[in-house]
Amino acid sequence: MYYHLYEMNRAAISPLRAAADATKLFYSNPLNPMSHTTVGRTFAAACEVFERATRRYGKPSFNLPETTVDGRQVPVAEQVVWKKPFCNLIHFDRALPESHARNAVKQPTILIVAPMSGHYATLLRGTVEALLPHAEVYITDWIDARMVPVTEGSFDLDDYIDYVIDMVHALGPKTHVLAVCQPSVPVLAAAAVMAARKDPLQPASMTLMGGPIDTRINPTAVNKLAQDKPLDWFRSNVIMNVPWPQPGFMRPVYPGFLQLSGFMSMNLDRHVSAHQEFFQHLVRNDGDSAEKHREFYDEYMAVMDLTAEFYLQTVDTVFIKHALPQGLMMHRHERVDPTAIRKTALLTVEGENDDISGVGQTEAAQTICTNIPPSMREHYVQPKVGHYGVFNGSRFRKEIAPRIVAFINRHNSAQTVPFKAKTGAVAR
């Protein structure tokens, strides 16, 4: 019902949004003398703030048309090389010169598993950009659940793990998997399942960044909320059916707008201040500062729905039962046994000021993966960064990304040519 009311409210204020947008254009038009005055800029700023605060933000683009490889600019094209109803696998195909292609054996294949926790995979644009000069990069592009018809079936944590295994198989031998935040658990579980099956395509390495492997360690406000509420509370209060006329009509989901409300409430004063500053930048005609605000919130406000079964199973398994670190996690009918992992190198990365996954929660993977040799494991805590800074920003580019690249290169076989997934391949 709340989801329907939310959609009705959006429809009801759409004329006001249109009027605000038109008013902004009128007062910001350089042919209008008022646009050069403080009064005119104030009217335009107020209208833009209102329009942006009430719009639904669409899925952003990666917008990575080129990268630098060995000092040379090369074009980059996005290609979907694998797809299933709830995920597309995107390859950032670099047009490398022939001289470089002959040495492609030295370039590792990296599968970035993006979080399925509200935001789109484009939140990891900076992660992709930093790794592109050094590797063949693929990323999971999760589909908004409200866009998937109910006829496509359900999607839960077990399906997520199966998707990861299928993608590793599609990319072939010596694939390096990098998980940011929430997927640290299913990625580690996928590696454990593959190891227990003696799968010949086990990942060469896995990098877990700011992930909730063991949320009993240094619990954050997010962890405490999940721990304090029974699973039925989440089922009753945050699960809703997708309204008509969305393609996923009647699919039970955890709506994106509820997730966004939760994200913003954690630092509400900071967001209010940011919008006040944005208004002042517009009035002062400080275009650069205003554009930085737009870029950040265009990404931050773009959210997607999660399937109810995936969300509830994740809350129960990861945050309530702590099943993985206790050795109780099951993947369908198999026990997830991290001690089975012997051939996959492990790098864990944390941020000193992370308020989503506390320090020590990701490092717990090093404790439970007891049979990975010491020479194949490494842990790093980045000083002075929060959750976002673990995978984005200047410190990530200068200090974290080089460590990831060096670790992957150390565990990348020079004798094995990475398998390149066929463009347009479709898995069902």
Check your understanding: Computed over the Cα atoms of the range 332-383, what is the ratio Rg over Rh, Rh following Kirkwood?
Key -> 1.05
Practice item. Give me the aspartates and glutamates in straight-line cross-link reach of Lys84: C-alpha distance below 15 Å, same-chain residues under 8 apart excluded. Key: Asp141, Asp144, Glu152, Asp156, Asp158, Asp159, Asp162, Asp166
**Study point:** Dimensionless Rg/Rh of the range 31-99 - Kirkwood Rh, Rg from C-alpha atoms
**Key:** 1.28
Review point. What ranking do 186-198, 286-298, 39-51 get when scored by the average of other Cβ atoms within 10 Å per residue, highest first?
Key: 186-198, 39-51, 286-298
Point to revise | Sequence of His4, His36 once ranked by neighbouring C-beta atoms within 10 Å, starting from the fewest | key: His36, His4
Review point. What does the convex hull of the Cα atoms of the range 165-240 come to per residue, in Å³, rounded to a whole number?
Key: 132 Å³
Review point. Under 5 Å between amide H atoms, partner at least 5 residues away or on a different chain: which partners does Leu346 have, H built in plane at 1.01 Å?
Key: Met206, Arg377, Glu378
Revision key, fill the gap. The rounded separation in angstrom of the Cα centers of the range 119-153 and the range 335-397 is 21 Å
Check your understanding: Semi-axes of the range 129-256's equivalent ellipsoid from the Cα gyration tensor, sqrt of 5 times each eigenvalue, largest first, rounded to whole Å?
Key -> 29, 21, 15
Exercise for review: Report the percentage of all Cα-Cα pairs in the range 49-180 whose separation exceeds 19 Å, rounded to a whole percent.
Suggested key: 54 percent
Exercise for review: Can you tell me the 0 to 90 degree angle between the C-alpha axis of helix 2-28 and the longest principal axis of the chain, rounded to 10?
Suggested key: 60 degrees
Review point. What order do you get for 127-133, 152-158, 350-356 when each peptide is scored by the mean count of other beta carbon atoms within 10 Å, highest first?
Key: 127-133, 350-356, 152-158
Revision key, fill the gap. By Cβ neighbour count within 10 Å, fewest first, Trp244, Trp82 rank Trp244, Trp82
Point to revise | Distance between modelled label sites at Val39 and Glu98, nm, 7 Å Cα→Cβ extension | key: 6.9 nm
Review point. Which order do peptides 377-389, 219-231 fall in by mean Cβ count within 10 Å, highest first?
Key: 377-389, 219-231
Review point. Taking only Cα atoms, what is the 0 to 90° angle, nearest 10, from helix 287-300's long axis to the longest principal axis of the chain?
Key: 50 degrees
Practice item. Before rounding to the nearest 500, sum -39500 (n - 2.57) across all DSSP H runs of length at least 4 in the chain and divide by the residue total; then give [θ] at 222 nm in deg cm²/dmol. Key: -11500 deg cm²/dmol
Study note, to complete from the structure: Relative contact order in percent for the chain (Cα pairs under 8 Å, 6+ apart) equals 21 percent
**Study point:** Among the listed pairs Lys83/Lys174; Lys24/Lys59; Lys292/Lys384; Lys174/Lys398; Lys174/Lys229; Lys229/Lys343, those beyond 30 Å (Cα-Cα)
**Key:** Lys174/Lys229; Lys229/Lys343
**Study point:** At R0 = 25 Å, FRET efficiency that the Cβ-Cβ distance of His275 and Lys229 yields, to 0.05
**Key:** 0.25
Review point. Taking neighbour counts of Cβ atoms within 10 Å as a proxy for exposure, in what order, fewest first, do Met8, Met329 appear?
Key: Met8, Met329
Check your understanding: Once you put a point 7 Å from the Cα of His379 and another 7 Å from the Cα of Asn237, both along the Cβ direction, what distance in nm separates them?
Key -> 3.3 nm
Exercise for review: Extending each Cα 7 Å along its Cβ direction at Phe296 and Ala406, get the distance between those two points in nm, one decimal.
Suggested key: 3.0 nm
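Only the coordinates and a few stated rules stand behind these numbers; no lab work does. What you see is a predicted model, and the numbers here were worked out from it, not measured in a lab. Don't worry about glycine lacking a Cβ; one is built from the backbone with ideal geometry, like all the others, and counts go over all protein chains shown.
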